[in-house]
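For reference, the structure is listed below as structure tokens.
The values are calculated or read from the model by the stated rules, or taken from the named source; none is laboratory data. Because the structure is a prediction, the values reported are computed rather than measured. Positions of Cβ are backbone-derived with ideal geometry, glycine not excepted, and every protein chain shown enters the neighbour counts. For accessibility, only protein heavy atoms count, side chains too; no ligands or nucleic acids. Shrake-Rupley method; radii C 1.70, N 1.55, O 1.52, S 1.80 Å.
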Amino acid sequence: MSRATITADRDFTVGPVPHRLFGSFVEHMGRCVYSGIYEPGHPQAEEHGFRRDVLSLVRELGVSVVRYPGGNFVSGYRWEDGVGPVSQRPRRIDGAWHSIETNAFGLHEFADWARQADVEIMEAVNLGTRGVDAARSLVEYANHPGGTCLSDLRRRNGSPDPFGIKLWCLGNEMDGPWQIGHKSADEYGRLATEAGKAMKLVDPSIELVACGSSNSGMPTFGTWEQTVLRHAYDVVDNISLHAYYEEQDGDVASFLATALDMDHFIESVVATADAVRAAGKHDKRINLSFDEWNVWYTRRPGEDQPDAISERGGWHEHPRIIEDAYSVTDAVVVGTLLNSLLRHGDRVRIANLAQLVNVIAPILTEEGGPAWRQSIFWPFSQMANRAKGQVLRLAVDGDRYRTEKFGDADLVDASATWDDENGCVSMFLANRGLEESAEVSVALRGLDTARIARAEVLTVPAGADRFATNDAGRPDRVRPAALDGVVLDGATTRLTLPPLSWAVVELDVTRS
Ligand code: AHR
């Protein structure tokens, strides 16, 4: 049995829970759009072709904002192909994912879907093959009320009201040599500045995200952010981060501690952005948009890997690409990544779990068949629906373990929020110990606890191992259950986390 003592004080907070921290990502990639969120002819499809079963899972997931339409896809995309009468939209080659794009689904469809899913749109413009003019035209088409060529075209295309898109990405992963239209930091920094300037001239109320590095292992990581922000500081509001993690070579101890890498990544980008702020004598701060993050088994051999798809040669509509099945271990890791994002909520204001459906996603579907929740659905939905009010700054004092990649790591990883309005503290706890349970005590200062309102745990199901997943036949195999034995002992809450587990505990509290 390992031990951890957690202390929180009502007056020590990180800041308000950022609403956009619980975002996701819909890319025209694989089966995320086609046969994911959109499948006309499916028994559950509504009048636009949106799958009702998927919409209902997306609402349950608690997603606040969805990035669209890519990803690598956006760097070769003409947004005009996706508007106007569907029968006249062109079929095109999507070079990024070696697929055929029919354009049956485009901006209007996405805006309709987003309205039904109750999510904000985060729209990416193409700065790979296109530039300033296409970017500002898209803002005019989407956001200008009417009386101009492009806004009237939108009205004729069926949307009299503007879409009112506030959040815009200036391209995608432009530092990556694989990106269509890949650029140097200076080239991208200049282009992002000019595109962003022109976009804000059309609609000054929009918020912009500049591309940071594709991952922290890029050789240009750090200098890329510095150069881009030196050019674009006055125009942009956020800089992006992307990170995908996987268990490598059976090193599960390091995999379970990958949130340490996320912590380090975030803190490095904050430091870089603030150094540019100081050197440039700027007042405003640039915030962070962690707009792609997840577990992704990039090394798992399989027919659905991007390399295998392009090697097959043929061009197909919505092929299966990277439809990873997520295990209990992955769910615990995703929980700790969410903890990291929440703990950094003072600077990470936007985060997007990549992606939403089928492609490395919390929701899987079968064409013509069911939709179900993957293991990673649970930590995301629990935190998105329960983290409210202020993020509490926690002091965690507990047993640690050794990892190959990240040195020593806490066995118990935690984050918590305090919602003064509703009198509720929500705690999000992971036990990284594979064999040992963890005895946890939580002391709250400045708050009296009236009762334990909720206690749930996700762990290895009986008779299974840490690789257990959900599938169409067993959609509820991995899911949270009641966490028994949580007790209140004066100002302290005591509980035991089973080995390899993720738990959510909610307390009804009043100010003391
Ligand atoms: O999410 C899958 C892909 O990963 C995205 O298209 C790209 O931006 C990233 O490399």
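So the values come out like this:
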quantity: Enumeration of residues in the stretch 112-133 that are of a type in the set (A, V, I, L, M) and in contact (Cβ under 8 Å) with a residue 60 or more places away in the chain; calculated: Ala117, Val119, Met122, Val125, Leu127, Val132
quantity: Residues satisfying the stated conditions in the stretch 494-512, i.e. open to solvent by 10 Å² or more (accessible area, probe 1.4 Å) and outside any strand (DSSP E or B); calculated: Pro498, Pro499, Ser512
quantity: Residue, surrounded by the most Cβ atoms within 10 Å (Cβ to Cβ), within the stretch 455-475, restricted to residues that are within 21 Å of Asn385 (Cβ to Cβ) and in contact (Cβ under 8 Å) with a residue 60 or more places away in the chain; calculated: Leu458
quantity: Selection within the stretch 313-323 - within 15 Å of the ligand (Cβ to nearest atom) and open to solvent by 100 Å² or more (accessible area, probe 1.4 Å); calculated: Arg320
quantity: Filter result (open to solvent by 10 Å² or more (accessible area, probe 1.4 Å) and either assigned to a strand (DSSP E or B) or among the aromatic types (Phe, Trp, Tyr) (or both)) within the stretch 32-50; calculated: Tyr34, Tyr38, Ala45
quantity: Residues within the stretch 270-312 that are surrounded by 14 or more Cβ atoms within 10 Å (Cβ to Cβ), acidic (Asp, Glu) and more than 16 Å from the ligand (Cβ to nearest atom), tallied; calculated: 1
quantity: Lone unmet requirement of (1) within 16 Å of the ligand (Cβ to nearest atom); (2) open to solvent by 10 Å² or more (accessible area, probe 1.4 Å) for Met29; calculated: (2)
quantity: Residue tally, condition surrounded by 22 or more Cβ atoms within 10 Å (Cβ to Cβ) and part of a helix (DSSP H, G or I), over the stretch 383-392; calculated: 1
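Residue-by-condition table, conditions (1) at pLDDT 95 or above; (2) within 16 Å of the ligand (Cβ to nearest atom); (3) not acidic (Asp, Glu); (4) not in a helix (DSSP H, G or I):
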| site | (1), (2), (3), (4) |
| --- | --- |
| Phe105 | yes, no, yes, yes |
| Glu109 | yes, no, no, no |
| Gln116 | yes, no, yes, no |
| Val139 | yes, no, yes, no |
| Pro145 | yes, no, yes, yes |
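Rundown of residues vs (1) in contact with a Cys (Cβ under 9 Å, 6 or more places away or on another chain); (2) within 17 Å of Ser24 (Cβ to Cβ), yes/no style:
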{"site": "Leu353", "(1), (2)": "no, yes"}
{"site": "Asn358", "(1), (2)": "yes, yes"}
{"site": "Pro362", "(1), (2)": "no, yes"}
{"site": "Glu366", "(1), (2)": "no, no"}
{"site": "Gln374", "(1), (2)": "no, yes"}
{"site": "Asp397", "(1), (2)": "no, no"}
{"site": "Arg432", "(1), (2)": "no, no"}
